[in-house]
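The block underneath contains the structure these notes are about, expressed in C-alpha cells.
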Amino acid sequence: MGLVAWFMDSSEEDQRKPHKLTPDQPVSLEELRQLGVFHWKLNADIYETDPELEKIRKDQGYSYMDIISIHKDILPNYEEKLKRFFEEHLHLDDEIRYILDGQAYFDVRDQEERWIRIAMRKGDLITLPAGIYHRFTLDETNYTKAMRLFVGEPVWKAYNRPADDSDIRKKYVTSLQGC
Ligand code: KMT
Ligand code: NI
C-alpha cells in the first residue's frame, strides 16, 4: 500500500480532521516525488532490528535517530509543541520521520501553494526536503510515536513562513524548476 495523500480544503475546522475536498482529489507518490518528498514502507514491529531500516540509514547517512511520542500525557509541553508543529515552516535540512505507532498528518505545499495532506501510518517513513514549507498535526486519534532521523548532529530549528529570501528556500524552489 502506497502513501495516501490529498489536496486539502481551506476550511478553518479542527486541524485534526482530514480536510478532504469533495470530490476527493488524491495526490500520487509520483507527484510527491516531484516535490522532493520520498517514502518507504517498513515493518515498524521490528524497527529495533530491521535490516531494511539499517540499509536505508546506511545508504542515506542517517546517523542520528531518536524517538518522540506525541500524546498529551507523555510529551512535555504538549500543547505548545503541537501548536508550533502546525505553524507553516521550513528547515535547513531534510525532515525525516518514521511512524512506529499511531498515525498523523504531514502537510506540504506544492508548486502552486496548495496544501497536500499526507496521511502517515505505522510503517511509513518519509523525507521532506530542506526548504519545503510544511507542518505537522496529530489526527483525531491524538497519538503517534515517531522516529526522527538526521544526517549528522540534529538541528531542529524551524523558520516560520515567510522564509522566501533564505538560501535554502531559493535552492529548493530552483530544484523544482526542472520538473
Ligand atoms: C517538524 O519539524 O515539523 C516536526 O518535528 C514535526 C513533529 S515530529 C513527528
Ligand atoms: Ni518541520
Residue match in segment 77-95 (condition: in contact with a strand residue (DSSP E or B) (Cβ under 7 Å, 6 or more places away or on another chain) and away from ligand 2 (no atom under 15 Å from the Cβ)): no
In segment 130-154, the residues that are within 11 Å of ligand 2 (Cβ to nearest atom) and open to solvent by 10 Å² or more (accessible area, probe 1.4 Å): ALA130, ARG135, PHE136, ARG148
Some residue of segment 105-115 being open to solvent by less than 10 Å² (accessible area, probe 1.4 Å), at pLDDT 95 or above and over 22 Å from LYS72 (Cα atoms): yes
Members of segment 45-59 found to be in contact with a strand residue (DSSP E or B) (Cβ under 7 Å, 6 or more places away or on another chain) and open to solvent by 70 Å² or more (accessible area, probe 1.4 Å), listed by number: none
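Select from segment 154-174 the residues that are of a type in the set (A, V, I, L, M) and assigned to a helix (DSSP H, G or I) and write down the one among them that is nearest to ligand 1 (Cβ to nearest atom).
Initial filter on segment 154-174 (of a type in the set (A, V, I, L, M)): 155, 158, 163, 168, 173.
Still in the list and also assigned to a helix (DSSP H, G or I): 168, 173.
Values: ILE168: 14, VAL173: 19 Å.
Per the criteria, the residue is ILE168.
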Residue satisfying all of: in segment 83-96; assigned to a loop (DSSP other than H, G, I, E, B) and among the hydrophobic types (A, V, I, L, M, F, W, C); farthest from ligand 1 (Cβ to nearest atom) among these: LEU92
Any chance ALA104 is in contact with a Lys or Arg (Cβ under 8 Å, 6 or more places away or on another chain) and within 13 Å of ligand 2 (Cβ to nearest atom): no
In segment 82-99, the residues that are open to solvent by 10 Å² or more (accessible area, probe 1.4 Å) and either closer than 24 Å to ARG57 by Cα or of a type outside the set (A, V, I, L, M, F, W, C) (or both): LYS83, ARG84, GLU87, GLU88, HIS89, HIS91, LEU92, ASP93, ASP94, GLU95, ARG97
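Give the residues of segment 3-44 that are exposed (fewer than 12 other Cβ atoms within 10 Å of the Cβ) and in contact with a strand residue (DSSP E or B) (Cβ under 9 Å, 6 or more places away or on another chain), sorted by residue number. Before you say what the answer is, go through the steps one by one.
We begin by selecting, within segment 3-44, every residue exposed (fewer than 12 other Cβ atoms within 10 Å of the Cβ); these are 10-14, 22-24, 28, 30, 43.
Matches in segment 3-44: SER10, ASP24, SER28.
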Complete set of residues in segment 107-129 that are touching an Asp or Glu at 6+ places or on another chain (Cβ under 9 Å), under 16 Å from GLN15 (Cβ atoms) and within 11 Å of ligand 2 (Cβ to nearest atom): ASP107
Residue ID - most open to solvent (accessible area, probe 1.4 Å), chosen from residues in segment 60-78 that are under 18 Å from LEU128 (Cβ atoms) and more than 14 Å from ligand 1 (Cβ to nearest atom): GLN60
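The values are calculated or read from the model by the stated rules, or taken from the named source; none is laboratory data. Because the structure is predicted, anything quoted here is derived from the model rather than measured. So basically every Cβ, Gly included, is an ideal-geometry build from the backbone, and we count neighbours across all protein chains shown. Side chains included, ligands, DNA and RNA excluded: accessible areas come from the protein's heavy atoms. Shrake-Rupley method; radii C 1.70, N 1.55, O 1.52, S 1.80 Å.
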